[in-house]
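Since the structure comes first, as structure tokens, the remarks are kept for the end.
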Amino acid sequence: MKIPFIAAVAAVASLHATPASAQDLLIRGARVHTVTAAGTLENADVLVQGGRIAAVGSGLAAPAGVAVIEANGRALTPGIFGGLTHLGIEEVSLEPSTVDSDLALTAPAWQHSWRPEFDVTRAFNARSSLLPVNRVEGVTWAMVTPSSDSAMVAGQGAAVSLDGRFDAVLDGSRTLFVHMGSAADAVSGGSRAAQFMLLDQAIREVREPASAGEGALLQPEGRAALKAYLAGGRVIFRVERAADIRQVVRYASHHGMKAVISGGEEAWVVAKELAEADVPVILNPLNNLPDSFDRLGARFDNAKLLHESGVRIAFSNDESHLAHKNRQLAGNAAAHGLPRDVALAAITANAADIFGQGGERGRIEKGKVADLVLWSGDPLEVTTVADQVWIAGRAVEMRSRQTELRERYLERLRAK
């Protein structure tokens, strides 16, 4: 079995992007979804110079030597956010040697140390075949996250650019991931109350190092890592039930953490409290089934209700191989009442704001990094495809393992 797998990996090696110098270009006559207060601009131009957006407007002149792309009225959006993923740290889910997302701590929660210093971005592979698969679908950046079945505190992750750079981690995006609710019962003594008790112990060990005696949860490196998040650091809490969300929001505020809710199937129930605390929610708007006792209140219009209450939302489908389907989530959320511009923002500007990238990407405006996608039609329609993608002004080669396989077998069919 290993020989075909290795051969398959080698066969797609040529598909991985190689960083190149930024291209200057003028995209002319596009329907520009700025995802700013300017809204959508008809028959507008976008000038890119040095990898950044130099101007947005009508009738822009192309400087000498600058390539001109005729959009002919097609939609132009910021690059799409791929959600919370294992892109670059997981290649084949059932092949352990290609999965680097999980720190396997096998001892019971009461007997081993938590390792908040575990940082999955150190294993990021910019040559993963999953990157071009999602890149050609308009995904230009994503959040790389740890997962852990053996500890509440899964570790750290960060946002990465999908442009093929090895140093792809985006500044200001570092985040700690914590699992709460019934999903963490097995690693917290079987009680939600114990989860907060364990967090109390870990925080005490950070603030009172002398208390970290025998049976300590944290190593010295772990105390140093957690300390940064107790001073305004971003912490994503994976939690679903409304009652648990309330407790997490209050707990995080009390201890100086900048909370973000992931999952949040019942977040709509406590939307007002989330808005007042300025806590964003990253959700999958297609989840509407009460498949656990934590999700009895799941509903299709969760995103709509959160937005109407003033909660900043972003979307994630939690499937690395299908990160590009975030755009489909946005379309479905719009079908269930979320304004279309807000649905687009949930996979562009809102995500950028949540992960400290609002000053750099997620919008089409002067000064932003030129992560852009030119679409064949409405960007929220499932039948629309990306005609061209640019990351920091560089045109992405619109090829992936899937397109190569398609062409290979189409060629065989044509030969018959």
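When the residues of the range 138-149 are filtered to those that are in contact with a strand residue (DSSP E or B) (Cβ under 6 Å, 6 or more places away or on another chain) and in a loop (DSSP other than H, G, I, E, B), which remaining residue is surrounded by the fewest Cβ atoms within 10 Å (Cβ to Cβ)?
Only one residue tops the list, namely Ser148.
Give me the pairs, please: first residue somewhere in the range 384-396 and not assigned by TED's automatic domain parsing to the domain that holds Pro132 and surrounded by fewer than 18 Cβ atoms within 10 Å (Cβ to Cβ), second residue anywhere and modelled with pLDDT of 95 or more and among the charged types (D, E, K, R), beta-carbon distance under 9 Å, and either six or more positions apart or on two chains.
Qualifying pairs under 9 Å: Thr384/Arg327; Thr384/Asp378; Val385/Glu137; Asp387/Arg74.
For the subset of the range 397-411 comprising residues that are of a type in the set (A, V, I, L, M, F, W, C) and over 24 Å from the mean Cα position of the chain (by Cα), which member is surrounded by the fewest Cβ atoms within 10 Å (Cβ to Cβ)?
Across the range 397-411, the extreme among qualifying residues is Leu410.
Any residue in the range 395-408 that is touching a Pro at 6+ places or on another chain (Cβ under 6 Å) and modelled with pLDDT of 95 or more?
No - not one qualifying residue is present in the range 395-408.
May I ask you to list the residues in the range 251-283 that are closer than 13 Å to Val239 by Cα and among the polar types (S, T, N, Q)?
Ser262
Yes or no, residue by residue, for (1) touching a helix residue (DSSP H, G or I) at 6+ places or on another chain (Cβ under 9 Å); (2) acidic (Asp, Glu); (3) modelled with pLDDT under 95; (4) over 17 Å from Ala275 (Cβ atoms):
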site: Asp294; (1), (2), (3), (4): yes, yes, no, yes
site: His307; (1), (2), (3), (4): yes, no, no, no
site: Ala314; (1), (2), (3), (4): yes, no, no, no
site: Ala330; (1), (2), (3), (4): yes, no, no, yes
site: Pro339; (1), (2), (3), (4): yes, no, no, no
site: Leu344; (1), (2), (3), (4): yes, no, no, yes
site: Ile364; (1), (2), (3), (4): no, no, no, yes
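Identify, please: which residue in the range 117-128 is in contact with an Asp or Glu (Cβ under 7 Å, 6 or more places away or on another chain) and either not assigned by TED's automatic domain parsing to the domain that holds Asp318 or not in a helix (DSSP H, G or I) (or both) and is, among those, farthest from Gly377 (Cα to Cα)?
Taking the candidates together, the pick is Glu117.
Are there strands (runs of 3 or more DSSP E) fully within the range 24-109 with at least 1 residues that are farther than 30 Å from Arg127 by Cβ? List them.
Strands (runs of 3 or more DSSP E) meeting the threshold: 25-33, 40-49, 52-57, 67-70, 75-78.
Of the numbered conditions (1) within 27 Å of Val369 (Cα to Cα); (2) surrounded by 22 or more Cβ atoms within 10 Å (Cβ to Cβ), Asp318 satisfies every one except a single condition; which is it?
Going through the list (1) within 27 Å of Val369 (Cα to Cα); (2) surrounded by 22 or more Cβ atoms within 10 Å (Cβ to Cβ), Asp318 breaks only (2).
Can you spot a residue in the range 191-206 that is touching a residue at least 60 places away in the same chain (Cβ under 8 Å) and under 30 Å from Arg394 (Cα atoms)?
Scanning the range 191-206 turns up no residue that is touching a residue at least 60 places away in the same chain (Cβ under 8 Å) and under 30 Å from Arg394 (Cα atoms).
Kindly indicate which of Ile203, Ile245 is among the aliphatic types (A, V, I, L, M) and under 19 Å from Ile282 (Cα atoms).
Selected residue: Ile245, the only one of Ile203, Ile245 that is among the aliphatic types (A, V, I, L, M) and under 19 Å from Ile282 (Cα atoms).
The values are calculated or read from the model by the stated rules, or taken from the named source; none is laboratory data. Not measured: the values here are computed from a predicted model. Heads up, the Cβs are rebuilt from the backbone with ideal geometry, glycines too, and the neighbour counts pull from every protein chain shown.
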